């Protein structure tokens with residue numbers, strides 16, 4: 001096991017990460033963010049690592065939040081992004097502080113996914129959107145990814161799109177499954193506006 005949220009693994013691979021990972025799917029992220037009912041001026045890229053997802057987005061002020069200091073250094077130094085070392089289960093932001101949150105290819109690494117969703121709902125302003133881009137463990141490629149991550153010692157926990165949408169609803173986010181496949185996108189808009 002690599003440790004809490006697989007942080008030690010990502011600290012080790014940080015220098016190579018952007019060379020081996022494809023760019024984030026900017027179209028899927030934009031489609032999810034389009035569900036927000038408020039302007040998106042401030043966005044948190046939670047579990048954002050090197051800022052790969054932030055690089056696919058244009059417009060808002062973006063802050064990358066990650067527990068891996070190695071990955072966060074890549075976001076700051078390599079991409080010039082604002083970065084905050086933090087735990088997704090205890091975000092260091094005030095209530096209703098941001099207009100949107102993105103979690104791209106990282107949710108399955110979070111050690112306490114339910115706490116992370118509660119925290120995102122807390123820091124998200126009413127009408128703001130959470131967009132999670134993940135891998136479907138029920139898809140044939142998803143099953144292979146689950147096996148591969150577990151084989152190398154990761155504690156990954158993947159959810160299907162429907163399961164993730166239900167978890168959004170539980171924390172006060174109106175869920176929408178934006179797209180499906182090996183990689184899928186779920187968006188949730190914070191109720192109350």
Check on residue 114, out of contact with any strand residue (DSSP E or B) (no Cβ under 9 Å at 6 or more places or on another chain) and either crowded, with 23+ Cβ neighbours inside 10 Å or over 28 Å from residue 166 (Cβ atoms) (or both): no
Residue list for region 38-80, restricted to those being assigned to a loop (DSSP other than H, G, I, E, B) and under 11 Å from residue 100 (Cβ atoms): 38, 39, 40, 41, 57, 59, 60
Which listed residue, of 105, 179, 99, 114, is under 14 Å from the mean Cα position of the chain (by Cα) and touching a residue at least 60 places away in the same chain (Cβ under 8 Å): 105
1 or more residues modelled with pLDDT of 95 or more and within 15 Å of residue 35 (Cα to Cα): qualifying helices (runs of 4 or more DSSP H) within region 103-193: 161-170
Number of positions in region 34-59 that are over 13 Å from the mean Cα position of the chain (by Cα) and modelled with pLDDT of 90 or more: 9
Unique match (being over 23 Å from residue 183 (Cα atoms) and either surrounded by 24 or more Cβ atoms within 10 Å (Cβ to Cβ) or touching a strand residue (DSSP E or B) at 6+ places or on another chain (Cβ under 7 Å) (or both)) among 98, 120: 98
Scan of region 80-95 for residues that are under 17 Å from residue 117 (Cβ atoms) and surrounded by 13 or more Cβ atoms within 10 Å (Cβ to Cβ), ordered by number: 86, 87, 88, 89, 91, 93
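The values are calculated or read from the model by the stated rules, or taken from the named source; none is laboratory data. Here the structure is a predicted model, which is why all the values come from computation and not from measurement. Cβ atoms come from the backbone with ideal geometry, glycine included; neighbour counts cover every protein chain shown.
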